[in-house]
Amino acid sequence: MTTSGANVPAAKFDSQALDDRPIRTPMRDAFRHLRRNPVAIAGAIILLFLLLIALLAPVLAPYDPTIQALTDRNQPPSAEHLLGLDALGRDLLSRVMYGARISLFIGFFTVGGALIIGTVVGAVAGFVGGRTDNVLMRIMDIMLAFPSLLLAIGVVAILGRGLMNALYAIAFVSIPVYARIARASILSVRELDYVEASRAIGATPFRILFRVVLPNSLTPLIVQATLGIGTAILEAAALSFIGLGAQAPQPEWGLMLAQHRNLVFTSPHTVFYPGLAIMLTVLGFNLLGDGLRDALDPRLRV
Amino acid sequence: MSRYMVQRLIMLVPVLLGITVVTFAMLRLIPGDPCRVMLGERATAQMCADFNERMGFNDPLYTQFARYMGNLLRGDLGESVKTGQPVISELADRLPMTFELTVAAMFLAVTVGMSAGVLAALRRGSLVDLATMAVANLGVSMPIFWLGLVLMFVFAFRLQWLPPSGRTTVGVNIVPLATAWGVSEAAPSWLRSLVDFISGFQLFSTLVTGNLAGLWDTIKHLILPAFALCTIPMAIIARMTRSSLLEVLGQDYIRTARAKGMGDRLVLGRHAMKNALLPVVTTIGLQFGYLLGGAFLTETVFSLPGVGRLVVDRILARDYPVVQGAVLIIASVFVFANLLVDLTYAWIDPRIHYE
């Protein structure tokens, strides 16, 4: 462990310098740890890069992702087309770039939805307790009794194919994860003195839950959400791959793989790059999520 | 231990009931007229009336549910809308394939994942450790359907070491057990179905009939799909083993064992591994569910005739009774696998009891 203060001789102790130091808050502390973690930095760089591509896709993409050059179908990578052309003669690099938009949207939309609903369910269960808690958490247990991809497939089967339906399905099946974490976290915060204090000054239960307890229980949820985005992107790509998610001509990475999987031997580039894009994106979220966990959970710090 | 076992078994009841409610609800939640959805837009009013009668959609919901439960208990999962076959027999044809694939993947994930995790923990900070953790990080981020295609390209197309897809090579003779064991046509139908079901486990049936060529062919077809399927659990198990073992190795009783002159091998085998294994066992149970879900993708990539591919095909064909039955069976298998893991856990760690 590196403690910077330990090496300073007591005689030279400068109380003025001490006062000028930035105030140490848990958030700043966490950020400091995050910055020192090369793995988390790598993840953040990957994601920043990806975000830039997604936002600037219309500027950065060399070609229109929908324009077909049917005479040059499946052309391998070249100087004009860095990643080659796909089965309909569309520029693969441009399509992969536009795909970043869809994948990031998938990640934030599904995790955002699951996080909000799951947190409310878990918060209510943990805060109200008793029978409400029991009923809500048993429902969550039953959802967790299904392998998540299977349940998502079942939900899409009911709702019908399509990217949005796949996203609702993925968001739905990840609700219990957040509900359980929120509940556990709230149970541990609920009994602390400052919650008692707000109760004493007459705050309503609603206010106590959402203004006092919840903000102090967010840490594990943030970590899980970051890791969850990676999983959601993988699952959405999987649903698209088996034909239940995004539909042509959307430049969704999983769908691009599905469309070209019969060409894997003759035109491997059409399969290779969309899959690589999925892997790098998920890797970015996983690395950042692991780093966040180390930084936000002081018990894990070595 | 026995008390824990009983309590754990009682816990099964609400979960299994919940699963049946969910699968029952599946058919009833389809937006629009289920008849039009399943039979297509061209179904006539008469066809729909017959269909609703046959499926029992005209009765009140509680009657439908009671009948559904009653049928389930008798092993009746309904009939396929597309083929008219009993759902249970369609699933019985496909389950062995999925089961073999899942078990093969789990075997790879556990053996390779745990060895890598132990190695990384023992050489903490070394190149081996860094490499293992880097590979594990890639592993958990892997779209397995993509990895499957890449493996297929490298090992089946470029190197030509392994077959690209399917379950057996055309021309390799796999004798059904019913023939090998001489189960006659006159035998009761349940017996023939059972033998056919067992026959579907091709690793087993080729082994017991002494068909080594068939066994080898089956194994060769399983290697790539199992490897593609196992990456995520393998990576998770490796990470879990490493961190769990590192934690245990830092404890006082390990130092004591070392201090009294015990060799590394014994310290690891007799003291450290036992305790380090506990969280790993739980992880293995949860990963089983992942493997069952992932089988949908692997079977699609490698054109394997398993349940996963059946479900995907039937969702696209809107054959909901088959989808419903498959979801029910797979979820139940997952629940029982977790039960097994929990019981193993209690067996390894006598401190476990139900709170």
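Read-outs: derived from the displayed coordinates by stated rules, not from any lab. In this text, all values refer to a predicted model and were calculated from it rather than measured experimentally. Here the Cβ positions follow ideal geometry from the backbone for every residue, glycine too, while neighbour counts run over all protein chains shown.
Structure notes:
- Point-to-point label distance, A:ARG35-A:GLU191, nm (Cα→Cβ direction, 7 Å offset): 3.8
- Gaussian network model of chain A, springs between alpha carbon atoms under 10 Å - residue of A:VAL223, A:VAL282, A:VAL189 with greatest fluctuation: A:VAL189
- About the centre of its Cα atoms, region B:223-355 shows a dipole size close to 480 debye [charges on the beta carbon of Lys, Arg (+1) and Asp, Glu (-1) only; nearest 20 debye].
- For chain B, the Kirkwood estimate of hydrodynamic radius, built from reciprocal distances between every pair of different alpha carbons, is 23.3 Å.
- 19 Å tail of the calculated P(r), region A:182-295, as % of Cα pairs: 61
- Contact order, relative form, for chain B: 28 percent (alpha carbon pairs under 8 Å, 6 or more residues apart, mean separation divided by residue count).
- Against the rule of thumb 2.2 N^0.38 Å, how large the Cα Rg of the protein assembly as shown comes out: 1.06
- Calculated FRET efficiency for the pair A:GLN68/B:ILE88, C-beta based, R₀ 41 Å, to 0.05: 0.30
- Computed over the Cα atoms of region B:177-318, the ratio of the radius of gyration to the Kirkwood radius (Rg/Rh) comes to 1.17.
- The dipole here belongs to region A:185-302: it is taken about the Cα centre, uses +1 on the Cβ of Lys and Arg and -1 on the Cβ of Asp and Glu, and is about 160 debye.
- Residues in region A:120-159 that a label on A:ARG199 would reach, taking backbone N under 20 Å of a point 7 Å out along Cα→Cβ: A:122-134
- Amide H contacts for B:GLU79 (H built 1.01 Å from N in the peptide plane; partners 5 or more residues away or on another chain; cut-off under 5 Å): B:VAL87.
- Pairwise Cα inverse-distance average, inverted: Kirkwood Rh of region B:110-149 (Å): 10.8
- Ranking A:TYR168, B:VAL267, A:PRO77 by Cα position along the charge dipole of the protein assembly as shown, where only Lys, Arg, Asp and Glu carry charges on their C-beta atoms, puts B:VAL267 farthest toward the positive end.
- Positive-pole candidate from B:ASN211, B:SER189, B:LEU122, dipole of region B:108-228, charges at beta carbon: B:LEU122
- Dividing the summed helix terms, -39500 (n - 2.57) for each DSSP H run of n ≥ 4, by the number of residues in chain B produces a 222 nm estimate of -24000 deg cm²/dmol to the nearest 500.
- Other protein chain C-beta atoms within 10 Å of residue C-beta, averaged over B:62-74: 0.
- On full extension, the segment bounded by B:THR111 and B:ASP252 gains 47.9 nm, given 0.36 nm per residue less the C-alpha separation.
- Label positions at A:VAL135 and B:LEU127, each projected 7 Å from the Cα along the C-beta direction, are separated by 6.2 nm.
- Overall Cα dimensions of chain A, principal axis frame, Å, largest first: 76, 59, 29
- Chain B: most fluctuating residue of B:PHE227, B:PHE24, B:PHE153 per GNM, C-alpha cutoff 10 Å: B:PHE153
- Spin-label zone in region B:78-109 - amide nitrogen under 16 Å from a point set 7 Å from the Cα of B:VAL172 along the C-beta vector: B:97-98, B:100-101, B:104
- By the Cβ-Cβ criterion of under 4.7 Å, the unpaired cysteines of the protein assembly as shown are B:CYS230.
- Phi to ³J(HN,Hα) by Karplus 6.51 cos²θ - 1.76 cosθ + 1.60 over region B:40-46, Hz, x for Gly, Pro: x, 5, 8, 4, 7, 4, 5
- Each of B:GLN46 and A:ARG24 was given a label point 7 Å from its Cα along the Cα-to-Cβ line. The distance between the two points is 8.5 nm.
- Working note: Karplus 6.51/-1.76/1.60 with θ = phi - 60° gives region B:101-109 the couplings 5, 4, 5, 4, 5, 5, 4, 4, 4 Hz, where Gly and Pro are set to x.
- Per-residue 3J(HN,Hα) values for region A:166-173, derived from phi via the Karplus relation 6.51 cos²θ - 1.76 cosθ + 1.60 with θ = phi - 60°, read 4, 5, 4, 4, 5, 4, 4, 6 Hz in sequence order (x marks Gly and Pro).
- Between region A:105-158 and region B:136-174, the Cα center-to-center distance that results, in Å: 35
- Test item: Cα-centred dipole of the protein assembly as shown, Lys/Arg +1 and Asp/Glu -1 on Cβ, debye: 1440
- For peptides A:245-254, A:122-131, B:142-151, sequence by mean Cβ density within 10 Å, most packed first: B:142-151, A:245-254, A:122-131
- Choice from B:VAL103, B:VAL301, B:VAL22 showing the highest fluctuation, given a GNM over chain B with Cα pairs closer than 10 Å: B:VAL22
- Average other protein chain Cβ within 10 Å of Cβ, residues A:235-242: 5
- Projected-area average for region A:229-273 over all orientations - Cα convex hull basis, square nanometres: 3.1
- Between the listed residues B:ALA136, B:ALA92, B:LEU17, the Cα displaced farthest toward the positive end of the dipole of region B:1-137, a dipole computed from Cβ unit charges relative to the Cα centre, is found at B:ALA136.
- Pairs of C-alpha atoms in region B:30-118 farther apart than 20 Å represent 58 percent of all such pairs.
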